[in-house]
1. Quick one: in the stretch A:290-309, which of the residues that are more than 9 Å from chain B (Cβ to nearest Cβ) and in contact (Cβ under 8 Å) with a residue 12 or more places away in the chain is farthest from the chain's Cα centre (by Cα)?
2. Mind checking which residues of the stretch A:217-227 are among the acidic types (Asp, Glu) and either under 19 Å from the mean Cα position of the chain (by Cα) or more than 10 Å from every other protein chain (Cβ to nearest Cβ) (or both)?
3. Give the residues of the stretch A:299-314 that are modelled with pLDDT under 95 and surrounded by 12 or more Cβ atoms within 10 Å (Cβ to Cβ), sorted by residue number.
4. Among A:GLU217, A:GLU241, which is among the acidic types (Asp, Glu) and buried (at least 17 other Cβ atoms within 10 Å of the Cβ)?
5. For the stretch A:84-97, what are the residues that are surrounded by 10 or more Cβ atoms within 10 Å (Cβ to Cβ) and farther than 18 Å from A:PRO116 by Cα?
6. Given the options A:LYS173, A:LYS245, name the one that is closer than 26 Å to A:GLU135 by Cβ, without any contact (Cβ under 8 Å) to a residue 60 or more places away in the chain and in contact with a strand residue (DSSP E or B) (Cβ under 8 Å, 6 or more places away or on another chain).
7. Considering only residues that are assigned to a strand (DSSP E or B) and within 15 Å of A:LEU115 (Cβ to Cβ), which ones fall in the stretch A:64-80?
8. Run down A:SER294, A:SER306 and say which single residue is part of a loop (DSSP other than H, G, I, E, B) and of a type in the set (S, T, N, Q).
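The values are calculated or read from the model by the stated rules, or taken from the named source; none is laboratory data. Owing to the predicted nature of the structure, the values given are computational and were not obtained by experimental measurement. For neighbour counting, all protein chains shown are included, and Cβ atoms are generated from backbone atoms with ideal geometry for every residue, glycine included.
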Amino acid sequence: MRVKLWGVRGSLPSPVAPGRLRGHLEEVLKQFEALKKTNSPLNASQFLDLLPSHLTGGYGGNTSCGEITTASHRLIIDGGSGIRSLSDHLTLNDPHCKEFHIYLTHFHWDHLIGLPFFVPLYMKGKSVHFYGVHEDLEEALQILFRKPQFPVPYKVISPQIHIHKVKPREPFKVGDLSVTPYQLDHPDPCWGARVESNGKSVAWCVDTEGIRTSPEELGPDLPLYQNADLMVFDAQYSFGEALEKINWGHSSGPIGIDLALREGIKQVVFMHHDPSASDQSIWDGEQQTKQYYSELMRSRQRAGLSGEGVLWHFGVEGESIAL
Amino acid sequence: MKFKALVKIEKDRTVMVLEGWLDERAELPELDEPVKGDLVLDLKGITLVNSLGVRNWIQWFKVLKVQRDVKLIHCSPAVLKQANTLQGFLSDRTKIESVFVPYFCEDCGREDQLLVNIAKVGDPVHITAAPPELKCSSCGMKMELDLIESQYLTFMQKHKPKFS
């Protein structure tokens, strides 16, 4: 199983503005000039590898879209602006694919905004299956394809569309992938999913504030997390910011780490980065989370708890994680 | 380690001695009546702090009817390190009065702690105080600070506690 992140920003696409890009370039060149004065043998590529990610490309500006694949099947989670790059990729690399499966966690704009640019929707002979827990799944799609918001009406794409209303906490199949929706802590509401295949599991937990955290509070939604090989978790804010934004529906790195350690999750990737945060701010948040994690692990070891930690990082648009 | 709380209501203050892990399972004490005078929390026995515990801790302060200051004394290294890392750990009305600063000896491996009274450190807004030096009680060598030195007492700059 492989997970690819096509969009990792939250709320609103956030392209890097030319002024900010120039600022990054100036900083990189300044550091490279200083390095050259030391007669360092590093070449440009090796030098770039040493720089923090916010100076060499950042985290990406497209909104939520993930792709989970096995050798034979593909599940797309959410249709944020990142789905456009996925659509381009599929057109080039898998032009004969006829069946597409998209699970929608909820209908906030940042999770739907790329769907009008998903090319298979306009191609006769293709089938695009939409899955969702919400009763108004089809209505949410119809709203997207309606004048004056968008020039192509829903009836043009409806022959290609297949709607599947799925039940909370009951698995459904997409080929060899088993998908079970579980409720997250987000307004309107939002349904994450546990995706399993061939003994591997992904807990998709975006968007969530992670208000319910103890096993008792999570109740029927606890299996979403238990012993997952990978958890994709919402870290829109720093811990301090999340405390100030109660009921905004988004969480932070330290909360995801605590959940992961308790539930035996092996790896976590954080996404849904704040659209108003610069790449440097996101990087700062990642460093703060590292500091938190490092101290927590030392306390746990001193307390006689398992020294086994969790692999984690802040997600970058376009990255692929093999399980 | 199970969380424990011992509450002593005195004439002009309430003292709570908290021990164990401040995590999502920690049952912070409920009080039937508003806290009289200052609330003093002795945190020497807190051995682990996680973010879920801190979030509950912040909620707990909102429910407690504290009329005056909340003073944290004898903060363990676990409390000190996460107070420096997790913004929001200290509210406006909460101030740390003393902390156990952790040290280790590079020569013999011994670990130790030194109680630092924050009020004596200096101006909290422009804090530049270096951590005190400590000699190893086993081998007599100078011990190293078991913290990132630049972040020693970072919480003071974030929260600017008031001193009487």
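1. The residue in question is A:MET297.
2. Of all residues in the stretch A:217-227, those among the acidic types (Asp, Glu) come to A:217, A:221.
Across the stretch A:217-227, the qualifying residue is only A:ASP221.
3. Here is the first cut: in the stretch A:299-314, the ones modelled with pLDDT under 95 are A:299-309.
Within the stretch A:299-314, A:SER299, A:ARG300, A:GLN301, A:ARG302, A:ALA303, A:LEU305, A:GLY309 meet the criteria.
4. Numbers: A:GLU217 fails: buried (at least 17 other Cβ atoms within 10 Å of the Cβ).
Unique residue meeting the criteria: A:GLU241.
5. A:ASP94, A:CYS97
6. Answer to the selection: A:LYS173.
7. Our first condition is that a residue be assigned to a strand (DSSP E or B); within the stretch A:64-80, this holds for A:65-69, A:74-77.
Result: A:CYS65, A:GLY66, A:GLU67, A:ILE76, A:ILE77.
8. Numbers: A:SER294 fails: part of a loop (DSSP other than H, G, I, E, B).
Within the list A:SER294, A:SER306, the selection yields A:SER306.
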